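Scroll down for the structure; my scribbles are underneath it.
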2 protein chains.
Amino acid sequence: MTDSPTKPMTAEDVALDLERAIHEHRLIPGSKLGEDEIGEVYGVSRTVVRAALQALAHRRLVELKRNRGAFVAQPTVREAREVFEARALLEPRTARSAAVRMTDEDIVALQAHIDAEHAALHAGDNGRALYLSGQFHIEVARIADQSTIEAFITELIARSSLIIALYWQRRAALCESNAHHALMTAFAARDGDRAEELMKSHLLDLVSSLDLSSKASQPQSLREALKASG
Amino acid sequence: MTDSPTKPMTAEDVALDLERAIHEHRLIPGSKLGEDEIGEVYGVSRTVVRAALQALAHRRLVELKRNRGAFVAQPTVREAREVFEARALLEPRTARSAAVRMTDEDIVALQAHIDAEHAALHAGDNGRALYLSGQFHIEVARIADQSTIEAFITELIARSSLIIALYWQRRAALCESNAHHALMTAFAARDGDRAEELMKSHLLDLVSSLDLSSKASQPQSLREALKASG
DNA sequence: TGCAACAAGATCGTATACAATCTCGTGTAC
DNA sequence: GTACACGAGATTGTATACGATCTTGTTGCA
């Protein structure tokens, strides 16, 4: 069972797996992503690993340093602010559209999503809970039926996961679930105005739960902490 | 002068060159982008060409068909609407921020941009005029000092160029320059409200200058025109 | 004559090999 | 003892080779 004859993975498969690992905080910002190492894990050559890393780099999830290798990205305080400003521009309006277009099936699916989120939280699997929490926002964008904006939001969600890993100050553990639940009531009522307003304040709450005080714990990666002070 | 000893280009160089060619309509939607052919043109191997094509594919500028090759993307009517809806969400607010942050140097640079746009138009170089017209929007985003949103807008501008190539219905030739000039007056006055409103209506004008009547000239690529009717 | 199966050519997908660059330990000079 | 320089090892950047898949022209059969 150690080296079973699995069929080879494609570059997209590797990228998706790495992305989820990052999203679930099994890979923390600053982690080195060696090409040989990853290739050995997934049983593919460096060619496909490189394609996967380039795809993730384009979405700002990993940083490619020439002749140095790939590392899980470490968003700066500035980038963190930018990501949430972009979300503030995109998501409230998208939530409004979603509320209007929402079908009964969509509501069932969304509620199931929230339930899974709660279950993961109760099981102590914070990584998965965080992942599902992000997927909720992506689901909303999908329901809004705007695939271009959905792609942007998907990228912003993934980057938000990195930001949370770096700047989260543990206050209340599950403030998010409440916000998502409140959004559900607006969706169920097809109340676009309320959905937009709730999403807006939800994002503001998220930002205020971060410590973006400039001198926050940014480095995270070995010697670069010292190199940066020079 | 045919095969001079130029230094090898990197994948990013190739991607930038291809992107500009697409932006200036020297490569039209649906064009086949063979790996060997491009590699020979730029004097690099398929490895770097593939990296460039993958980068462009991630930005929806080219479409990658498995075992078929890369083609300049052909946005559908639906995608065209989505792109301009995303721009409507991002650009007006960005123009407002830009107006507030605008420095005198920024204004000079923007004005030079518009002048170059006019010059290209007078010289009959419509491709370059279109390219500069897009760069104006990107410049505004840069001045707003929001690099994340700037990246999104940059992608949307590039896709807009493809959309214009497919769906533009020739009415007035230079309605854009006027809109950009009007924006400049708002910028010069640091009038955020007016900049936001002008950008909003500018984007609406752009959409209304397109023919997105569903049965518009979409196919453009040989047999797929017939295959789609089956 | 029309259709289908087959084969040759071309193009892409992946793996591997080699070159370039960086890291880091070691040695030597001051 | 410290600082600089050199070199071995490791890792990435690029090119090339080979296999898989698709296109397309040809041939044989109904």
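Structure summary
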| quantity | calculated |
| --- | --- |
| Percentage relative contact order, chain A, counting C-alpha pairs under 8 Å, at least six apart | 26 |
| Span-like helix ranges in chain A, DSSP H, alpha carbon extent 15 angstrom or more, Kyte mean at least -1.0 | A:11-23, A:46-58, A:77-101, A:104-122, A:126-143, A:147-167, A:175-188, A:192-208 |
| Average Cα contact separation per residue, segment B:11-72, under 8 Å, 6 or more apart, as relative contact order % | 42 |
| Protein-protein interface of segment A:79-110, residues with accessible area decrease of at least 30 Å², isolated chain reference, 1.4 Å probe | A:Glu82, A:Glu85, A:Ala86, A:Leu89, A:Leu90, A:Arg93 |
| Modelled label reach - A:Ala188, point 7 Å along Cα→Cβ, segment A:101-123 residues with backbone N closer than 16 Å | A:102-116 |
| Within segment B:77-106, backbone nitrogen closer than 18 Å to the virtual label 7 Å beyond the Cα of B:Asp145 toward Cβ | B:93-106 |
| Cα-projected label distance for B:Lys7 with A:Asp17, points at 7 Å along beta-carbon direction, nm | 3.8 |
| Longest segment of chain B lacking trypsin sites (Lys or Arg not before Pro) that sit in a DSSP loop with at most 16 other Cβ atoms within 10 Å | B:69-169 |
| Amide H partners (placed H, <5 Å) of B:Val62, local residues excluded | B:Ala57, B:Ala73 |
| Accessible surface of A:Asp145 - all protein chains present, 1.4 Å probe, nearest 10 Å² | 60 |
| Tensor-based shape of the protein assembly as shown (alpha-carbon gyration tensor, a/c under 1.5 rounded, otherwise prolate or oblate) | rounded |
| Theoretical FRET efficiency, 1/(1+(r/R0)^6), r = Cβ-Cβ of A:Ala119 and B:Trp168, R0 56 Å, to 0.05 | 0.60 |
| Solvent-accessible area, 1.4 Å probe, carbon plus sulfur percent, for segment A:11-74 | 45 |
| Lysine pairs in the protein assembly as shown with Cα atoms under 20 Å, if 8 or more residues apart or on separate chains | 8 |
| Cα gyration tensor shape for segment B:77-208, rounded if a/c is under 1.5, else prolate or oblate | oblate |
| Mean-position separation - Cα centroids, segment A:50-94 and segment B:75-115, in angstrom | 22 |
| Copy-to-copy label separations for A:Asp36, where each label sits 7 Å from Cα toward Cβ, in nm and ascending | 3.4 |
| Dipole magnitude of the protein assembly as shown about its Cα centre (Cβ charges: Lys, Arg +1; Asp, Glu -1), debye to nearest 20 | 400 |
| Shielding by other protein chains, B:145-157, mean Cβ within 10 Å | 4 |
| Positive-end residue of B:Val49, B:Ala99, B:Thr76, charge dipole of chain B with Cβ unit charges | B:Thr76 |
| Accessible area buried, both sides summed, chains A and B with 1.4 Å probe, Å² | 2200 |
| Residue order for B:Thr10, B:Thr47 - accessible surface, 1.4 angstrom probe, largest first | B:Thr47, B:Thr10 |
| Accessible area in square angstrom per residue, the protein assembly as shown, 1.4 angstrom probe | 52 |
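The values are calculated or read from the model by the stated rules, or taken from the named source; none is laboratory data. Quantities reported herein were computed from a predicted structural model and do not represent experimental measurements. Neighbour counts are summed over all protein chains in view; Cβ atoms, including those assigned to glycine, are modelled from backbone coordinates with ideal geometry. The accessibility values were calculated without ligands, DNA or RNA, using every heavy atom of the protein model including side chains. Shrake-Rupley method; radii C 1.70, N 1.55, O 1.52, S 1.80 Å.
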